[in-house]
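The next block holds one structure in the form of structure tokens; read it before the comments.
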Amino acid sequence: MKKAQKNDRVTISYTGKLENGTTFQSTTESEPLVITIGNLDAPPTLEQAIIGMSAGDKKLVKLEPDEGYGPRRKDLLQTLDRNVMSSGINPQVGMILSLKVEKDGQEHPIPATVIEVNNDTIVVDYNHPLAGHNLLYDITVISIEKGTQ
């Protein structure tokens, strides 16, 4: 039976969960994910876990924060004056805002999650929502197509 190796095109279904059991992402066999091992279509640790698997094999893979979305960074928290918000926006904890951040002389929209609301200020978090979490992926290999070198 063929085992997945570098450059192979591998079709998988998976469920991604946090350690508390919360599902953050999943696919199904009818809508699977297709990756080419070595192209970084998935995190490297996940690709490495698939190497050696055959069609029908299942595996649980744990990614540490550094292998997923990185650690939570306190420098990505920002306190803003509420008066910088558009008049029609009433910020609430958990709300995701699209804020403009200047980089290389250009403004870019960046998602930020409101984590605190006060009378005069709000605190927003630019970290990815999955940053700082261990991620568990329950993978099933559906098929493997031999890759080209």
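Tell me the Kirkwood radius of the chain: reciprocal of the mean inverse pair distance over distinct alpha-carbon atoms, in Å.
Working: mean 1/r = 0.0559 Å⁻¹.
Hydrodynamic radius (Kirkwood, Cα only) of the chain equals 17.9 Å.
Which loop-located trypsin sites (Lys or Arg not before Pro) does the stretch 77-149 contain, where loop means any DSSP state but H, G, I, E or B and the Cβ has at most 15 other Cβ atoms within 10 Å?
On the way: sites: R82, K100, K103, K146; in loops: K146.
Sites meeting the loop and neighbour criteria: K146.
With springs connecting C-alpha atoms under 10 Å apart, model the chain as a Gaussian network and identify which of S26, S87, S98 has the largest mean-square fluctuation.
Comparing S26, S87, S98 in the GNM, the peak value goes to S87.
Okay, helix-only estimate at 222 nm for the chain: each DSSP H run of n ≥ 4 adds -39500 (n - 2.57), divide by all residues, round to 500 deg cm²/dmol; what do you get?
On the way: 1 runs with 7 residues, N = 149.
Calculated mean residue ellipticity at 222 nm is -1000 deg cm²/dmol.
Taking Cα pairs under 8 Å and at least six residues apart, what relative contact order does the stretch 74-125 come out at, in percent?
Details: 81 pairs, mean separation 22.1, N = 52.
With pairs under 8 Å counted, the relative contact order is 43 percent.
Could you work out how far the C-alpha centroid of the stretch 40-71 sits from that of the stretch 131-149, in angstrom?
A separation of 5 Å, based on Cα centres.
How long is the stretch 62-149 along each principal axis, judged by its Cα atoms, biggest number first, in Å?
Per principal axis, max minus min of the Cα coordinates gives 58, 29, 25 Å.
Within the set K74/K103; K62/K146; K62/K103; K6/K59; K3/K59, which residue pairs have Cα atoms separated by over 22 Å? Don't skip to the end; give the middle numbers.
On the way: K74/K103 19 Å; K62/K146 26 Å; K62/K103 34 Å; K6/K59 18 Å; K3/K59 14 Å.
In this structure, K62/K146; K62/K103 lie more than 22 Å apart at Cα.
Return the single residue from V123, V101, V61 with maximal mean-square fluctuation; model: Gaussian network over the chain, springs between Cα atoms under 10 Å.
The residue that fluctuates most here is V101.
No value in this document is a laboratory result; all are computed from the given coordinates. Predicted model, so just to flag it, every value in this text is computed and none were measured. Cβ: placed from backbone, ideal geometry, glycine included. Neighbour counts: every protein chain shown.
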